[in-house]
Amino acid sequence: VSRRAAAADRAFEAVKSFYFSSRYGERRGDATIADFTFGNPHEMPLDGLVAAIREAAVPLDENWFAYKSSEEAPQAFLAETVGRELGLPLEPSDVALTAGAFGAISLAFRLLLDARDEAIFNAPAWFCYEPMLLAADAVPREVALRAPRFDLDLEAIEAAIGPNTRLVIVNTPHNPTGRIYGRAELAGLAEVLERASRRIGRRVFLLSDEPYRRIRFDGRAFTSPAAVYPWTLVSYSYGKVLLAPGQRLGYLALSPLMPASDRQQLRDVMFASQMALGWCFPNAVMQYAVPQLEPLSIDVTALARRRDALSEALGRAGHGVLPPEGTFYLWARWSGDPVRQWEALADEGVFVMPGTLMKQPDYFRISLTASDAMVAQALPYLARRA
Ligand code: PLP
């Protein structure tokens, strides 16, 4: 196999073995376990989602299932609605329709990174940035977030930017910590990127990965980095807000604050890059459904209820819980030996995601997409002191 396939495989090793061959891998899909691992649905899909897909699947003309790239109607719709949401004058051609945030991220890498260009991401991180960068023949550079609150470490980001740095990735609301970065922190990051771009004589772009943007607790505000730093590309997915990650739909959007010449250059190559990546567009049905899907959301109040019940139980057990501001994850620090504690929960059929998957062995992540029944089943074990 190619060197980059092998490198991506190595970077993904911990997740692969957890998913396929761990004690969790053996029990995955078993209806009797309480599954808090991946952000997957454990209840029936939203009614509105099913209705929208049904309606969009019925052909109204002979071109219904013809090749679809970024279609004009969803582009125009998204420019308007997302523009309003983010307070940015998006234009239809700023929006590339993709198969989820995965597709948007790989498109961003294709648009911006040449072989051996460096991209910085903040750790702990979603476990796919690194393998995806390696698969793009780019060089991942990890910068630690500042524990215990996992704030961006602006000085460390600035220090990590060198002559080959082309991209910084920021994920807000953040998986796995649930943090939402505030406007002031993002403005600080924008200053760092501006200064570093001048220092290295080359523009450092920002990828704002925001698939959890609409999943926020306690009325928290959200600022997109695209409103703060002009050279920003936004990746988004409907997979999270609809809790339907198997129905691939998302987009990559260019910040309209980007200088016209840079923005136009990127717009000009988006279509060809998506085609070259292997027709990296969402399928026709999901594109037709965009207007009906846009207002739908999973029940964030139910997520908050689970967050509170689980945080209270984990606190009683002595684990250190960081209350999430957004996403559907809860990030916690083991009170004792991580392996022993994970195994003890697994003995009871309770499966959480070990922090080792995010190179943070002292922590674990709980997905609040588990059903209420799973939460009720697991609470006594999660509350148990080691
Ligand atoms: N970015 C982050 C931070 C994620 O957590 C995920 C999914 O877990 C993705 C991107 C990919 O989202 P999707 O599968 O909806 O494309």
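Here are a few things to note about the model shown:
- Residues considered: Ala156, Ala138, Ala147. Of these, the only one that is more than 18 Å from the chain's Cα centre (by Cα), among the small types (Gly, Ala, Ser) and crowded, with 21+ Cβ neighbours inside 10 Å is Ala138.
- Considering residues of region 159-173 that are β-branched (Val, Ile, Thr) and assigned to a strand (DSSP E or B) only, the residue farthest from the chain's Cα centre (by Cα): Thr165
- Among the candidates Lys68, Lys16, the residue that is assigned by TED's automatic domain parsing to the domain that holds Ala253 and either out of contact with any Cys (no Cβ under 7 Å at 6 or more places or on another chain) or modelled with pLDDT of 95 or more (or both) is uniquely Lys68.
- Residues within region 232-246 that are buried (at least 24 other Cβ atoms within 10 Å of the Cβ) and either under 23 Å from Arg110 (Cα atoms) or not assigned by TED's automatic domain parsing to the domain that holds Ala119 (or both), tallied: 7
- Unique match (being farther than 30 Å from Tyr363 by Cβ, outside the structural domain of Gln360 (by TED's automatic domain parsing) and touching a Lys or Arg at 6+ places or on another chain (Cβ under 9 Å)) among Leu254, Leu249: Leu254
- Restricting region 109-166 to residues that are away from the ligand (no atom under 16 Å from the Cβ) and acidic (Asp, Glu), the residue that is modelled with the lowest pLDDT is Asp137.
- Helices (runs of 4 or more DSSP H) contained entirely in region 62-136, each with at least 2 residues that are among the aromatic types (Phe, Trp, Tyr): 100-112
- Note on region 211-233: among residues that are part of a loop (DSSP other than H, G, I, E, B) and more than 22 Å from Ala304 (Cα to Cα), the one that is nearest to the ligand (Cβ to nearest atom) is Ser224.
The values are calculated or read from the model by the stated rules, or taken from the named source; none is laboratory data. Quick caveat: nothing in here was measured; it's all calculated off a predicted structure. Neighbour counts are summed over all protein chains in view; Cβ atoms, including those assigned to glycine, are modelled from backbone coordinates with ideal geometry.
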